[in-house]
Amino acid sequence: MMDIVIRHKREIPSAVKKLLKYYGDKRIFAFDGPMGSGKTTIIKELCRELGASDITSSPTFTIVNEYRRQSGSSLFHIDLYRIRKPEEAFDIGIEEYLTGSSWCFIEWPGIIAGLLPEETVRVTISVGENDERFLRIA
């Protein structure tokens, strides 16, 4: 388990580098936290750090965004906020993302918690009184 504190947005790149340094051999990251806690912002920085060249917006309405790395491989940013039943996650092919070889960054993973592989990096974000972000990684 590891904790990271982000006191200002400018600290996000170094927090992401630290996260990748310790968990970079893992490929599935599940982000949980309240609305507005920074899940999308942190995932965008992870994708940028991993060489994605086409990062656009949150996949809240599309559910899955695929980004291409400079190496040609893919990164997947999955937002399950609008998914109400695990069956809906199967409809988008969640098992393929979880068993494939690409990096997957998942927001709102609670609906598929039982499907996540044991080696999933679980990041819980909380917001402090002074807008700090506290990341608890397990």
If the requirement is being in contact with a helix residue (DSSP H, G or I) (Cβ under 6 Å, 6 or more places away or on another chain), within 22 Å of Pro34 (Cβ to Cβ) and not in a strand (DSSP E or B), which of these qualifies: Ala113, Ala89?
Ala89
List the residue pairs whose Cβ atoms are under 8 Å apart, where the first residue sits in region 1-25 and is without any contact (Cβ under 8 Å) to a residue 60 or more places away in the chain, the second is surrounded by 15 or more Cβ atoms within 10 Å (Cβ to Cβ) and among the aliphatic types (A, V, I, L, M), and the two are 6 or more positions apart or on different chains.
Ile12/Ile6; Ile12/Ile42; Val16/Ile42; Val16/Leu46; Lys18/Ile4; Leu20/Leu46; Leu20/Leu50
Here the residues within region 103-138 that are within 13 Å of the chain's Cα centre (by Cα) and among the polar types (S, T, N, Q) are Thr120, Thr124
Restricting the search to region 17-56, which residues are aliphatic (A, V, I, L, M) and within 11 Å of the chain's Cα centre (by Cα)?
Ile28, Ala30, Ile42, Ile43, Leu46
Inspect all residues belonging to region 52-73 and state whether any of them is assigned to a helix (DSSP H, G or I) and polar (S, T, N, Q).
no
Number of the condition not met by Asn130 [criteria: (1) among the polar types (S, T, N, Q); (2) loosely packed, with under 13 Cβ neighbours inside 10 Å; (3) farther than 24 Å from Ile4 by Cβ]
(3)
Inside region 18-41, can you point out the residues that are surrounded by 14 or more Cβ atoms within 10 Å (Cβ to Cβ) and either in a helix (DSSP H, G or I) or out of contact with any strand residue (DSSP E or B) (no Cβ under 9 Å at 6 or more places or on another chain) (or both)?
Lys18, Leu19, Leu20, Tyr23, Lys39, Thr40, Thr41
Identify the residue in region 92-110 that is assigned to a helix (DSSP H, G or I) and in contact with an Asp or Glu (Cβ under 8 Å, 6 or more places away or on another chain) and, among all such residues, is surrounded by the fewest Cβ atoms within 10 Å (Cβ to Cβ).
Gly110
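We did not get these values from a lab; they are worked out from the coordinates using the rules stated. Everything quoted here is computed from the prediction, not taken from an experiment. Using ideal geometry, Cβ is built from the backbone for each residue, glycine included, and neighbour counts are taken over all protein chains shown.
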